[in-house]
Amino acid sequence: MKQIALFFLAASALWSCQSSEEKSESLKEPYRPAIHFSPETGWTNDPNGLVYYAGEYHLFFQHYPDSTVWGPMHWGHAVSTDLVHWEELPIALYPDSLGWIFSGSAVMDLENTSGLGSKENPAMVAIYTYHNSPKEQTGANDFQYQGLAYSLDKGRSWEKYTENPVLPNPGIRDFRDPKVSWFEEFQKWIMILAVQDHVEIYSSTNLTAWQKESEFGKTQGAHGGVWECPDLMAFDLEGQKKYVMLVSVNPGGPNGGSATQYFVGDFDGHAFDPNSNETRWVDYGKDNYAGVTFSNSPDQRKVFIGWLNNWQYANQIPTGQWRGAMTIPRELTLRKDGENFELYNYPVSEFESLQGETSALQAESIREEKILTSTLTPPAEIKLRLGFADETSPLFEIVLSNDLGEKVVLHFDGEQLVLDNTQNGWDDPNHQFAVKSTAPFSIENGTLSLDLVLDRASMEVFADAGKRVLTSQYFPTKPYTQLSIKGNVDLEEGEIKTLK
Ligand code: FRU
């Protein structure tokens with residue numbers, strides 16, 4: 001008996017040793033993000049159920065553990081105490097007889113409005129879309145509906161609600177991605193749901209019975225494709241409440257494929273009224289989709305995570321045992337600019353804890369090409385303050401490259417920031433990846449601050465503290481090690497930071 005037990009002990013030690021070796025191999029893959037969350041193996045798309053509770057940020061995510069291409073969706077799960085180091089936990093939600101588990105949200109039912117937990121041990125409640133694939137194949141329209149599951153042990157184990165669905169389908173294809181939030185000012189739960197070419201707003205006092213309040217968007221914003229993954233949140237601006245709605249659209253992004261637009265307006269607990277119908281984008285890069293914010297986050301901070309990918313090529317990117325990653329968590333802030341409101345997004349302050357060695361760059365006027373470093377090893381962060389004494393031609397070009405001539409170029413042409421990855425080293429079969437992404441931009445007061453967050457296979461560009469953002473992947477054959485700048489520009493201040 002003892003021998004058998006020893007055999008199993010030895011075998012399991014060997015097994016866990018092999019799997020941890022495999023694990024560390026998988027983490028060493030050349031495009032494996034070092035400072036972004038990616039699942040150890042398998043596929044991921046949207047971040048789901050972002051919620052904070054008892055010192056932990058929970059990131060659930062669309063996940064297909066058995067393959068690196070999209071398939072029957074589960075909710076994967078990871079937790080972090082600081083938003084920058086993530087620990088992947090076992091899968092939280094598995095498909096069941098009602099369908100695959102599509103995107104949705106999670107809240108803490110602190111007052112036990114649902115009766116599923118208690119005030120002492122409140123339920124973490126996930127509300128998500130069931131996608132019933134066999135039903136879809138029959139040609140029926142009502143194959144997506146909203147289900148609920150809850151956890152009483154900090155998201156470690158889950159019970160599906162016995163009376164699912166909590167919101168049945170009224171006969172509409174594309175009826176999905178519920179984002180639920182508690183609105184203190186209206187004393188009720190609000191669900192915002194993506195419904196083909198618009199969003200619908202529902203309300204509830206107990207998370208299980210929902211009533212429709214209104215619709216928004218048929219004639220507003222960008223409509224190049226179907227609307228997905230909305231979010232609705234309140235900002236306090238010097239005593240004035242303003243509401244921001246995020247709506248992802250695919251295709252129809254400003255640079256092709258998937259992207260997330262936003263609207264600023266008023267909300268009375270029933271209907272959303274936008275201040276303007278102009279289309280605004282959270283991020284002009286090609287690779288930030290389906291982003292939403294954490295609920296129950298301390299100090300009501302709006303912490304946003306997006307999927308660092310684009311449906312145009314998401315299933316083809318040349319990663320290894322996993323496919324898909326998340327953006328750096330970013331704080332959203334709403335700022336008033338004259339009569340307009342602008343939504344800024346910028347890495348959360350916790351991100352600074354990753355900073356290692358810093359080397360300062362010398363201030364100088366750049367007219368010729370200047371190599372800033374040729375020993376760069378992403379992950380790294382580059383912070384630059386650029387001055388334009390000659391405001392009539394504020395031009396510059398920043399080039400990240402390797403010695404094979406593969407490169408990514410960020411330049412300003414006087415009217416727009418352009419992130420050019422046409423020579424990054426990889427393109428997808430449909431040639432939608434290696435393109436120039438543009439973002440309208442103007443230099444204010446002759447200066448520009450730029451933060452570039454570089455990982456092994458992505459760049460996140462934050463111009464003027466997150467006023468304009470471009471996120472893009474790249475897949476060089478060899479790592480990029482050189483950073484240079486040229487143009488008609490003064491380098492006023494600069495730092496290159498390694499990231500731990
Ligand atoms: C957005 C999306 C959602 C859907 C999920 C399925 O990327 O299409 O609308 O719930 O992905 O994985």
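For the reader, a short list of remarks on this structure follows.
- Fully extending the segment from ASN402 to THR375 would add 8.7 nm, taking 0.36 nm per residue of separation and subtracting the current Cα-Cα distance.
- Loop-resident GluC sites (Glu not before Pro) (DSSP state other than H, G, I, E or B) in the stretch 80-155 with no more than 14 further Cβ atoms inside 10 Å of their Cβ: GLU111, GLU120.
- Divided by 2.2 N^0.38 Å, where N counts the residues, the Cα radius of gyration of the stretch 54-127 comes to 1.24.
- Simple spin-label estimate for ASN112 and ALA140 in nanometres, 7 Å along Cα-Cβ: 3.7 nm
- The charge dipole of the chain, taken about the Cα centre with unit charges on the Cβ atoms of Lys, Arg (+1) and Asp, Glu (-1), comes to about 1040 debye, rounded to the nearest 20.
- Simple Cβ-charge dipole of the stretch 356-499, Lys/Arg +1 and Asp/Glu -1, about Cα centre, in debye nearest 20: 280 debye
- Cα gyration tensor, the stretch 142-191 - rounded (a/c under 1.5), prolate or oblate: oblate
- Full extension of the segment from ASN121 to ARG385, taken as 0.36 nm per residue of separation minus the current Cα-Cα distance, would add 90.2 nm.
- Net +/- balance of residues flanking MET108 in space, Cβ distance below 12 Å, scoring K and R +1, D and E -1: -1
- The stretch 395-418 versus the stretch 94-146: alpha-carbon centroid distance in Å: 44 Å
- Globularity index of the stretch 277-324, i.e. its alpha-carbon radius of gyration over 2.2 N^0.38 Å: 1.48
- For the stretch 356-499: rounded, prolate or oblate by the Cα gyration tensor [a/c cutoff 1.5]: oblate
- Cα-projected label distance for GLN321 with THR447, points at 7 Å along beta-carbon direction, nm: 4.8 nm
- The stretch 163-203: trypsin sites (Lys or Arg not before Pro) in DSSP coil with no more than 16 other Cβ atoms inside 10 Å: ARG173
- Förster radius 25 Å - calculated FRET efficiency between SER393 and THR481, Cβ distance, rounded to 0.05: 0.25
- Over the chain: helical MRE at 222 nm, DSSP H runs n ≥ 4 each giving -39500 (n - 2.57), nearest 500: -2000 deg cm²/dmol
- The stretch 27-347 - percent relative contact order, Cα under 8 Å, separation 6 or more: 15 percent
- Cβ-defined net charge surrounding ARG367, 14 Å radius [Lys, Arg +1; Asp, Glu -1]: -4
- Neighbour cut-off at most 10 other Cβ (10 Å), DSSP loop, GluC sites (Glu not before Pro), the stretch 174-262: GLU238
- Short to long, the 10 Å bins of the Cα pair-distance histogram for the chain hold 4, 19, 29, 25, 15, 6, 1, 0, 0 percent of all pairs.
No value in this document is a laboratory result; all are computed from the given coordinates. Please read these numbers as outputs of a predicted model, since none were measured by experiment. Cβ atoms come from the backbone with ideal geometry, glycine included; neighbour counts cover every protein chain shown.
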